[in-house]
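Written below as C-alpha cells is the structure these notes are about.
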Amino acid sequence: MTPYHLIYTSRATVEVDDDVLRSIQDRASANNKKSGVTGLLLYGGGNFLQLLEGPISIIAALFEKVQQDPRHTDVRCVHFGRAPSYIYPEWSMGVLNVEDAGVGISHERLTAFFAEPATSSHECYKQAISVFEDFQAQLAGGVATTSAS
Ligand SMILES: Cc1cc2nc3c(=O)[nH]c(=O)nc-3n(C[C@H](O)[C@H](O)[C@H](O)COP(=O)(O)O)c2cc1C
C-alpha cells in the first residue's frame, strides 16, 4: 500500500544536544517500529524538520502526540498527503543533526529552508521533499553519514 507523508517544521524549546536527540530517537524508533512508521528527523539551528511516512490514521495519531511534546513549539504541518512510495522504508526514524560534520545535508540548506520560507504551500512542500530525497540519493550513493535505526 502506498504511504502517506506528513512533513512538519517546529522550533526547539530546549537546548538540543546529542542526549536530547538520542532520547527522541530511542522513543521514536521503538514506537514507530511497532506501528509501521518510517521517516527522518532533521535538526539544525534550533529548528526541526520531520518526515513521517506510513498509514494515514497512524501518522495522524502520531502527529497529534508529537505536537504535544514540550521540547518543541510552533509546530507547522507543511504537507499531509498520499505519496507514491516510501523514501526511507528501512528507517523507523533516522535522526540527524545537520550541524555535525559529515552529515549529507548542509546546515546552510536547512537554514535557507527556514530563513526563506516558500510563499506557497506547494513550493514549501517541494523544497522540503527535495531535502529528504536528495539525502536519500546520497545514502544510496554511499556518501552520507547516517544515524538511523
Ligand atoms: C521533534 C520531535 C520528533 C518526534 N518524533 C517522534 C516519532 O517519530 N515517533 C514517536 O513515537 N515519538 C516521537 N517523538 C516523541 C514524542 O513526542 C513522545 O515523547 C514519545 O512518542 C512518547 O513515547 P511513549 O508514549 O512511548 O512514552 C518526537 C518528539 C520530538 C520533540
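Throughout, read-outs are computed from the coordinates displayed, never taken from laboratory work. Predicted, not measured: the structure shown is a model, and the values here were computed from it. Neighbour counts run over all protein chains shown; Cβ positions are idealised from the backbone, glycine included.
Figures for the structure shown
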item: Efficiency of FRET from Cβ geometry, Thr111 and Ser23, R₀ 30 Å, rounded to 0.05; result: 0.80
item: Coordinate range along principal axes, alpha carbons of region 59-105, Å, largest first; result: 33, 31, 19
item: Sequence-distant aspartates and glutamates (8 or more away, or on other chains) whose Cα lies within less than 18 Å of Lys65; result: Asp26, Glu53, Asp74
item: Net charge, Lys34 excluded, C-beta distance under 14 Å - Lys, Arg +1, Asp, Glu -1; result: +2
item: Which of Val78, Gly102, Ala118, positive extreme of dipole for the chain (C-beta unit charges); result: Val78
item: Cα convex hull of region 19-99 - mean projected area over all directions, nm²; result: 5.3
item: Per-bin percent of Cα-Cα distances, the chain [10 Å]; result: 11, 45, 39, 5
item: Extension reserve of the Asn31-Gln127 stretch, reckoned as 0.36 nm per residue once the Cα distance is removed; result: 31.8 nm
item: Distant-in-sequence amide H partners of Asn47 (H built 1.01 Å from N, under 5 Å); result: Ala12
item: Proxy reagent accessibility, fewest Cβ within 10 Å first, across Met93, Met1; result: Met1, Met93
item: The chain, helix-only ellipticity at 222 nm - DSSP H runs n ≥ 4, -39,500 (n - 2.57), divided by all residues, nearest 500; result: -13000 deg cm²/dmol
item: Centroid-to-centroid separation of region 72-94 and region 12-53 [C-alpha atoms, Å]; result: 11
item: Size of charge dipole - the chain - debye, nearest 20, with Cβ of Lys, Arg +1 and Asp, Glu -1, no other charges; result: 520
